[in-house]
Amino acid sequence: MHMEPCVRVCDLLSPYLIIPASRHFQCGVSNFLLQRYDPALLNFEDAYLYLRGNEAMSVLIHSPHQLNSSPNSNYDQIGLKFKLFSAEILFNKGLTQINLGYEEEGMVDMKEASRLKVMDEHGVIDEAMQDRGQGYTVFSIVRDTLSWFVFVWHLN
């Protein structure tokens, strides 16, 4: 399966993800899916850094037609939101480390991710830990949000 469109989506989406943590997070997802584990690890490390110790951060996606080059722009919110959780970033980081061959370091991050679980969907973290990450993939921005964004981008 050709995954290069993932990077294109990341490139398209990045300018509209105003929060740096979400930008780095989604680029890490794209790099992971392309099996570019070294840059993915750096992306997830940056995403965690930009979360600034918070458990979660709400992220708003702005429509491309609402942004312009003026530094004084007022960005109107279009209501597309999702929450980025530290548990998801750490899980992704841990899974990436495991894929790079750093199993011990990856398991440490997964254990911390497990400790920080918030939602029912985060239960997969414990399952992945039992399987030492084998057969699991990373958390991502909600698919419907990405699909909506790409649809709006093509309309503009």
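The values are calculated or read from the model by the stated rules, or taken from the named source; none is laboratory data. Since we're looking at a predicted model, the values are computed, not measured. Cβ atoms come from the backbone with ideal geometry, glycine included; neighbour counts cover every protein chain shown.
For beta carbons closer than 8 Å, sequence separation of 6+ or different chains, a first residue in segment 111-140 that is part of a loop (DSSP other than H, G, I, E, B) and a second that is crowded, with 16+ Cβ neighbours inside 10 Å and polar (S, T, N, Q), the qualifying pairs are 116/86; 133/99; 138/92; 138/96; 139/92; 140/26. Residue-level analysis places residue 129 among those that are at pLDDT 95 or above, aliphatic (A, V, I, L, M) and farther than 16 Å from residue 44 by Cβ. For residue 22, the conditions (1) surrounded by fewer than 22 Cβ atoms within 10 Å (Cβ to Cβ); (2) modelled with pLDDT under 85; (3) under 25 Å from residue 133 (Cα atoms) all hold with the exception of (1). When each of 49, 80, 12, 34 is tested for being touching a Ser or Thr at 6+ places or on another chain (Cβ under 9 Å), of a type in the set (A, V, I, L, M, F, W, C) and modelled with pLDDT under 95, the lone residue that passes is 80. Per the conditions (1) modelled with pLDDT of 95 or more; (2) under 19 Å from the mean Cα position of the chain (by Cα); (3) crowded, with 17+ Cβ neighbours inside 10 Å, the sole criterion not satisfied by residue 111 is (3).
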